[in-house]
1. May I ask you to say which residue of C:F136, C:F74 is at pLDDT below 95 and either more than 30 Å from B:M187 (Cβ to Cβ) or open to solvent by 50 Å² or more (accessible area, probe 1.4 Å) (or both)?
2. Tell me which residues, restricted to the range B:290-321, are assigned to a loop (DSSP other than H, G, I, E, B), open to solvent by less than 10 Å² (accessible area, probe 1.4 Å) and of a type outside the set (G, A, S).
3. Of the numbered conditions (1) at pLDDT 85 or above; (2) of a type in the set (A, V, I, L, M, F, W, C); (3) closer than 23 Å to A:I148 by Cβ, C:L33 fails exactly one; give the number of that condition.
4. How about the range C:238-272: which of its residues are at the interface with chain B (Cβ under 9 Å from one of its Cβ atoms) and aliphatic (A, V, I, L, M)?
5. Does B:L163 meet the test of being more than 20 Å from B:A373 (Cβ to Cβ), assigned by TED's automatic domain parsing to the domain that holds B:V294 and in contact with a helix residue (DSSP H, G or I) (Cβ under 6 Å, 6 or more places away or on another chain)?
6. Filter the range C:179-198 for residues that are open to solvent by less than 70 Å² (accessible area, probe 1.4 Å) and at pLDDT 80 or above; which is farthest from C:L92 (Cα to Cα)?
7. Tally up the residues in the range C:115-130 that are more than 9 Å from chain B (Cβ to nearest Cβ) and either under 20 Å from A:W54 (Cα atoms) or among the polar types (S, T, N, Q) (or both), please.
8. What number of residues within the range A:117-139 are more than 8 Å from chain C (Cβ to nearest Cβ) and assigned to a loop (DSSP other than H, G, I, E, B)?
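The values are calculated or read from the model by the stated rules, or taken from the named source; none is laboratory data. Model, not experiment: these values are computed from the prediction. Counting neighbours? That spans all protein chains shown, and the Cβs are built from the backbone with ideal geometry, glycine included. Ligands, DNA and RNA are excluded from the accessible area calculation, which covers all protein heavy atoms including side chains. Shrake-Rupley method; radii C 1.70, N 1.55, O 1.52, S 1.80 Å.
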Amino acid sequence: MVNRSVGAPRVVLARALVYLALLAVVAVSLFPIYFALTTSLKQTRDAFTTPPTWIFTPTLEHHRFIWLETPFPRYLFNTLVITIGTVLLSIPLGCMAAYYLARYRSRPIQVLLFSLLAVRAFPRILLLVPFFLVARAAQLYDTHILIILIIAAFNQPFAIWLMRGFFLDVPRELPEAAMIDGCSSFQAFRRVVLPVVRPGVFTAALFTFLFAYNEFLYCLILTGSDAKPLSVAIAQYGAEKIEYWSWSAAGAVGILAPIVLFIAVMQRHLVKGLTFGTLKG
Amino acid sequence: MTRRAWRFGRRRGVLCLILLVGASALLIARGAAPTAWAAEPTVHYISHRFPMLEFWVKKMGEYPGIKLEAELIPFDQALEKMQIHLSQGASTYDIMATDAFLPTFAERGWLMPLDPLIAKLRQAVEWDDIDPILVRDVCSYKGKVYGVPNLAISMFFFYRKDLFDAAGLKPPATMDEWIAAAKALTMADKKQYGTAMTLKAGDGFQNDFTYYLRTYGGDWYDKDWKVTIDSEAGVKALTTMKELMKYAPPNVLAFHNDESTVAMQQGLTAMGLLWQSRALAMDNAQVSKVVGKVSFAVPPAATKGGKSHARLAVGCYSISAFTKNDPELVFQVIGKTLSKANMRESAGLATPTRLSVTRDPEVMQKFRFIRAAADNVQAGARLVPSNPEFSEAMLQTTQTLQKGLTGELAIPEALKRAQKVMSDLMTEKGYYKK
Amino acid sequence: MASRQQRRDRLIFLVPSMTVLAVILVYPLAYSLGLSFYNYYLPVPRTTFVGLENFRFILADDAFWEALGVTARFTGAAVAIEVVLGIAVALLLDARIPCRRFVNTVVLLPMAITPAVAGLLMRWMFESNWGLVNYFLGLAGVRGPGWTGDPAWALWSIILADVWQNTPFVILVVYAGLQSVPVEPLEAAMVDGASRAQTLAHVVFPFLRPLVLFVLIIRSMDAFRIFDQVFVMTGGGPGTTTQTITFYNYVMAFRQLRMGRASALGVITLLILSLVIGAWIYLLYRREKGEW
């Protein structure tokens, strides 16, 4: 009894603090995005002022310009092709490899897992010139397939490590029982194991999607006017004219919008997927 | 449950697959289209992005019978792409804006000598009207022509006439007057600073520093390519810059041209050294809050009546040595794009390079800053050195010089170290062998 | 000895993925490693073998050690803040809160933004004259610093930008972990009358430990490689106060065009990272579980 009468105001206070902290976190997360959005809707003159212009008549001019008078729709299309292609190539391969690496243990496998991490650590800019040489030799410069292959390869370590965590949670008996029932090893994997780790596959696919969607450096050097994705196109309006800043803001909103929708729809899966696998190192 | 989920996943997979196949089909169709008709050659163009070049690209796209694929990207990115592609002998680009890199690229064998084309097409492109001094000084290397000048711009002094008049000030003639005027017009509590500066390491810093260095009588190199920034002029240059920084916005070390321009357009700064290509935008109400209030002058000299040497830049279009298109066609595209009519139309964006246009009083009248630009060149605005080592060492050099402004190094020490960075490279490249 | 079954599985499951990796990455990696022993100046196709000269040059180069220091400070500060903040926010989200779905979405959003775009947004936020960070500081009565233009604050602007973008990754992983904290020990703790703090310390944190380690390793590796934000926000300046290893590597490769030397720097970076991460994994995971 005594406890409760003292506790009630304290609980209320604690609750208020939690809400306040959450509000702060939400505000900080959103503010830069809010700034990009309003900047893209302001006249350039009003966009970079002190103090900031809070009230303004919105204009869609910058958005109209980049979507109708520049090849932005084509860049968006390229981004989609690259992103979907990467997911479709990377995830099946990554799942299969992760399955193997989770099922078997040996020293070479541990070494392999560690070297995969090292691939992630290598400074990527150094591979630009060799990639360019290969791309030219294979006549793949400025094609979607080149970018897809590169991103998929770079994504393998992450996909494998992530998926391996999920597969480790699957009881070994599951595929073995299926194989005793006459399934081949691949059938056991596809029909029995894969459905169980579906949330994990989903999570890995989401991360891969984001990874491909945001890739910048390789696309910058290895694409020209044919396969250039949105991320590179936005960075093209350098500095010379201040309207370019407004266009960059409009471009930023354009590249953000699908991601916002995407995260809004998928965040449950992200959390669920990771919860399921509990990310075994 | 599991079974249903799995089937659902498969259906989604199939959907994705269809999407992808559809996408590829579209792409293949698009990719195949030009080859199928094959009549129109595709001309590939690359340059940095800025209004004058955007205008040329627009005009270039109107050239009949070709398909133009233009890449306009920031300066750094354009340079990187050109260097990677050209060093591997790739025929990716036909027309390139080479500007200050023309001698470097020509030396490496990446550019096509234009003399035979000029000889053949002299009439067609009205070659003799193009300023021969620019062709000789900027677009030639070892006696051969490698480029067509497409614009000239210089940096000059922008100032707020209204604020100057109110304070009874005149545009400064000397550095000391500049410092005094900047001090008088700084009201930090009201967010008004005396002067804009462009001090971000790299070409931004280099543009400003070159002006102070040369105006105090120094230069980057002497005639034997010995580096000469560790000098009395160098000390004076950095000292003046450090003094002026007191009256500049607090983050001026991160200012590139765009930040300086915004600062001016927002009324944050009262004066500053800015590029000519920014002048027109000062009077554009879409972007500027100081319409009609900004005037232009020749930048201050070291002492009264002295010379002032701001940066001058000339743009050039070159043809790649590896082009697979007909060089005559590519040359015609460039020449016809840079026509008299087009130059007349675009004179507000940069100083034209055709004599018939620059000498036209009507054009001079129309854009008030062209006068300032002409005076500026008269007063001594000059090009920067164009040896490759200059640009290769630029970032490190200017980073080191910046440390003299932040106080991380004493000014003489910063100059000494920056000089060493540049000298080491020159030594390594064999400049001082004899 | 691998069984027949294992060998067959290896062929079916592992080989395709590894083939892609090998075809795409091994040649460029090998090329780059090889290049580190050559003097290769990009514009000149001719290369000369120089042995370990490139490595000697870099180890004697002040700028390298300076960049290493900047990178270490950046990585340490950014990752520390991200992990602490990430755990705190994840715990907050785990409480009973309204509009959970909206809040989760918003909190995770920065993670998904293209780094190059995020860098641009952050450059605007930290602009000291009209940027919003200084505007809000001004409202609170604090006169904000010059951020990206101030040698004392430039690195902090990049650290804070990175915190904004990457804390969500920590939040996501820890939050997911919290969802799967086993129920029994929690109930047992409650029955024992443990306070919330005690429950956190004795039940929840030990469970989260492997997750935090995973996040720590992934984030450290990515932070160590930071490039995009530096490129967009400061270009390494003022002076060299924000010049990280990768940025310096970029300058070597594409400004100075010393591909051989830049490759050597890449190899050195790789070695440093492998050693640090390897030691980390060895110490933490081995002791934890006896295997990894």
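1. C:F136
2. B:V290, B:P299, B:P300
3. (3)
4. C:V251, C:L257
5. No: the conditions fail for B:L163.
6. C:A188
7. Residues in the range C:115-130 being more than 9 Å from chain B (Cβ to nearest Cβ) and either under 20 Å from A:W54 (Cα atoms) or among the polar types (S, T, N, Q) (or both): 4 in total.
8. Selection size over the range A:117-139: 2.
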